[in-house]
Amino acid sequence: MGSGHMPIGRRERAKQDKRQRIMTAARELFAEHGVSGVTTQQIAHRADVAIGTLYLYASTKAELLIMVQNEKFAAAIDSGLAAANAAVGQGALEPVIALIRPVVECVREHIENGRTYLHELVFGDPAEPYRQAGLTLAGRLENGVTGLLIRNEHIGAADAATLARVITAIIHISTTATVYLQRSDEAVLADIRDQIHATLAPHHRAA
């Protein structure tokens, strides 16, 4: 008996190949020059596709950036969740910091790209598929923080969800605000740690 999987046709393989070439070209060019220093024509040229073909996969440069950053964001969340699970039992703060560290490093890997990515997720069309995927990832991060906080016996489920939204807002401001751009990742993380500690402190005092 067969495996139950239909073989991928030549046309579908060609589409996947073009999409991968576009993704690779966009990733390389954004890393080299930043999103503002790259045009869609340059991406199409490096991917060896016509500009019209590129627009079949992403209609704007912003969508191309979101495609690329979504992959990085997803990997950072995976790493953070694994680190957070290893830190469970060290109180409420340490697992949360373990979770968000790779996310902060991801956003700040290329400051301009990270800021533009988060701006596009917050202010762009939430119905656009790539933004939907990015917002789903943001929800996964928030849910991960919520799950870690719920493990603390002094934080209820409703408070944990609210605190997680506050913490993700702290991350957003701390990684994108112009005043913080010249800080190192460690300085930004230290500031985020202090803010989260102050946010969680009332629950510890109540306990």
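Values computed for the structure shown
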item: Residues (within 14 Å of Val107 (Cβ to Cβ) and either open to solvent by less than 40 Å² (accessible area, probe 1.4 Å) or touching a residue at least 12 places away in the same chain (Cβ under 8 Å) (or both)) located in segment 161-190; result: Thr168, Ile170, Ile171, His172, Ser174, Thr175, Thr176, Ala177, Leu181, Asp185, Val188, Leu189
item: Any hit, segment 168-189, residues being farther than 26 Å from His33 by Cα and β-branched (Val, Ile, Thr); result: yes
item: Selection from segment 145-156 of residues that are open to solvent by 30 Å² or more (accessible area, probe 1.4 Å), β-branched (Val, Ile, Thr) and touching a residue at least 60 places away in the same chain (Cβ under 8 Å); result: none
item: Residue check, Gly134 assigned to a helix (DSSP H, G or I) and loosely packed, with under 14 Cβ neighbours inside 10 Å; result: no
item: Criterion (modelled with pLDDT of 95 or more, open to solvent by less than 60 Å² (accessible area, probe 1.4 Å) and either over 24 Å from Ser79 (Cα atoms) or out of contact with any Leu (no Cβ under 7 Å at 6 or more places or on another chain) (or both)) met by exactly one of Glu128, Glu109, Glu142; result: Glu142
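The values are calculated or read from the model by the stated rules, or taken from the named source; none is laboratory data. Here the structure is a predicted model, which means the values were calculated and not measured. So basically every Cβ, Gly included, is an ideal-geometry build from the backbone, and we count neighbours across all protein chains shown. Accessible surface is based on the protein model in full, side chains and every heavy atom, while ligands, DNA and RNA are left aside. Shrake-Rupley method; radii C 1.70, N 1.55, O 1.52, S 1.80 Å.
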